[in-house]
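Report on the following structure.
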Amino acid sequence: MEYKQVENCSFVKPYSIIYTMIMNKLDHFFKLKERNTSVQQEFMGGLVTFLAMAYIIFVNPNILALTGMPKEALITVTCIAAIFGTLLVGLWANVPFAMAPGMGLNAMFAFTLVLGQGMAWQDALGVVFLSGVFFTIISLFGIRHKIVDAIPASLQIAIGCGVGFFIAFIGLKQIGLVVSHPETLVTIGSFSPALLIGLATLLLTVILEIYHIKGSILIGIIFGSVLGFWFDPAMGELPTSIVALPPSIEPIFGQLNIINVLKFSFASAIFSFLFVSLFDSIGTAIACSYEANLVNKNGKMPHLKKVLEADGIAAMASGILGTSNTVTFIESAAGIANGAKTGLTAVFVALFFALALFFSPIIALVPVYATAPALILVGIFMAKHLSKIDFSDLHIAVPAFLTIILMPLTYSISNGIAYGFSSYVIIALLTNKTKEISPFMWGVGIFSVVSLCIEQMG
């Protein structure tokens, strides 16, 4: 695809020359002609991807604000983290992928580390940063494939499904459908404006998804917010302005505490963040690569190393900025299905996030019950691979089941991972199936057992 300027010099305008130069540069850098795409096609792919994942601008601040972090600053940081990670993967790896603070990891940050274990959010940011450091190291030295190969496929699937159940449980709790009970621990909630609006929002989002309406989750969040202003007396007044300068990130920027988390007691948390983000990123990158036809004849993905390196660097930046780990978003597949093929799509996604920075007055007013249905739906999506686990084999079924069920029941992703890995190696040891366990998996299993014992002993 070569953009040629008009030869008639008397007719050529300066802007046409500049336009031609820019188009040729974009073509050369992003290999538009080679991948049979255009700037217009990449723009539409970027717009579709942004609409599919824009819900994170509303959901991430609502989740992390429960830890005591200021919501206004979190809105800005969520957008900045998405801009940085998306530009990095788009320019570095030239793939149509987008990044933002990941669902599941933000829940792990808020509900497991801070609210569950009583960790200060500054220490939790230190955990995010260090998990990103280790992620980058294993990506640079090619260790990631050994790690993934060492973990049984059943446990990899169980981790993803368990995180899905966990964040769906959080969503059900936030709309008030599931509430605490002194005897049965949980029970069904009574009807309230929040519950009714949350259920209506969930229903609308599901229907839109069934009809493949682009941006369905975002539309659902807007719908729930509008209903809240109409029917919920607890909602505040409308903002005086729609557009404003982005809120300052000073209250959370650079507040991570790395020294405090350089202790063995934090090793389990760092380990859990590392593995959840590792499986999430690799699974998403592989799925999107096949969707975008970026897999060569030998089944290899030359860009995968750069994608994971960008993921690790973005995670480190997240800890510094003041949010949970940034990961590759599976919603990138929506833009790919719409024709996105190069990193230029990622550049456009980043530009849309930059524009969103200036709409914080509206974003800050979005109630939790309007974003909670997004958690439920994403949880459903994450649980779709449950059928791939062979529950007829107890050696596989028990560790997988414990991984999945203990995440929502203990309100901790790390507990589910630790019990799943521990039970896997213990059952293998007692049933003489140790040959199936790699040396690395032995190390992971023993580490999980020790960390659980230390935690239970206080």
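The values are calculated or read from the model by the stated rules, or taken from the named source; none is laboratory data. All values derive from a computational prediction rather than experimental measurement. A quick note on method: Cβ atoms are made from the backbone with ideal geometry, for glycine too, and the neighbour counts reach across all protein chains shown.
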The number of residues in region 160-200 that are more than 27 Å from the chain's Cα centre (by Cα) and small (Gly, Ala, Ser) is 4
Does region 384-395 contain at least one residue that is outside the structural domain of residue 170 (by TED's automatic domain parsing), over 23 Å from the mean Cα position of the chain (by Cα) and within 19 Å of residue 269 (Cα to Cα)? no
Of a type in the set (Gly, Ala, Ser), part of a helix (DSSP H, G or I) and over 26 Å from residue 441 (Cβ atoms): which single residue out of 315, 400, 370 fits that description? 370
So if I check each of 356, 340, which one is assigned to a helix (DSSP H, G or I) and either under 28 Å from residue 164 (Cβ atoms) or at pLDDT below 90 (or both)? 356
Of those in region 320-333 that are in a helix (DSSP H, G or I) and modelled with pLDDT under 95, the residue nearest to the chain's Cα centre (by Cα) is 332
Select from region 403-421 the residues that are among the small types (Gly, Ala, Ser) and assigned to a helix (DSSP H, G or I) and write down the one among them that is modelled with the highest pLDDT. 420
The lone condition residue 286 fails out of (1) assigned to a helix (DSSP H, G or I); (2) β-branched (Val, Ile, Thr); (3) farther than 29 Å from residue 162 by Cα is (3)
Return the residue satisfying two criteria in turn: it lies in region 292-334 and is closer than 20 Å to residue 259 by Cα and hydrophobic (A, V, I, L, M, F, W, C), and of such residues it is surrounded by the most Cβ atoms within 10 Å (Cβ to Cβ). 315
Filtered residue count, region 58-92, keeping only those that are buried (at least 24 other Cβ atoms within 10 Å of the Cβ) and within 24 Å of residue 290 (Cβ to Cβ): 5
Looking at region 422-453, which of the residues that are of a type in the set (Ser, Thr, Tyr) and in a helix (DSSP H, G or I) is modelled with the lowest pLDDT? 451
Scan region 426-455 and report the pairs whose first residue is polar (S, T, N, Q) and whose second residue is modelled with pLDDT of 85 or more, with Cβ atoms within less than 6 Å and a gap of 6+ or a chain change. 434/428; 448/421; 448/422
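For (1) assigned to a helix (DSSP H, G or I); (2) modelled with pLDDT of 80 or more; (3) closer than 27 Å to residue 47 by Cα; (4) among the polar types (S, T, N, Q), each residue gets a yes or a no:
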position: 202; (1), (2), (3), (4): yes, yes, yes, no
position: 207; (1), (2), (3), (4): yes, yes, yes, no
position: 214; (1), (2), (3), (4): no, no, yes, no
position: 223; (1), (2), (3), (4): yes, yes, yes, no
position: 240; (1), (2), (3), (4): no, no, no, yes
position: 253; (1), (2), (3), (4): no, yes, no, no
position: 265; (1), (2), (3), (4): yes, no, no, yes
position: 269; (1), (2), (3), (4): yes, yes, no, no
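For residue 76, are the conditions met, namely being touching a Gly at 6+ places or on another chain (Cβ under 8 Å), under 18 Å from residue 355 (Cβ atoms) and in a helix (DSSP H, G or I)?
It is false that residue 76 is touching a Gly at 6+ places or on another chain (Cβ under 8 Å), under 18 Å from residue 355 (Cβ atoms) and in a helix (DSSP H, G or I).
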All helices (runs of 4 or more DSSP H) inside region 86-187 with 3 or more residues being within 30 Å of residue 342 (Cβ to Cβ) and aliphatic (A, V, I, L, M): 121-140
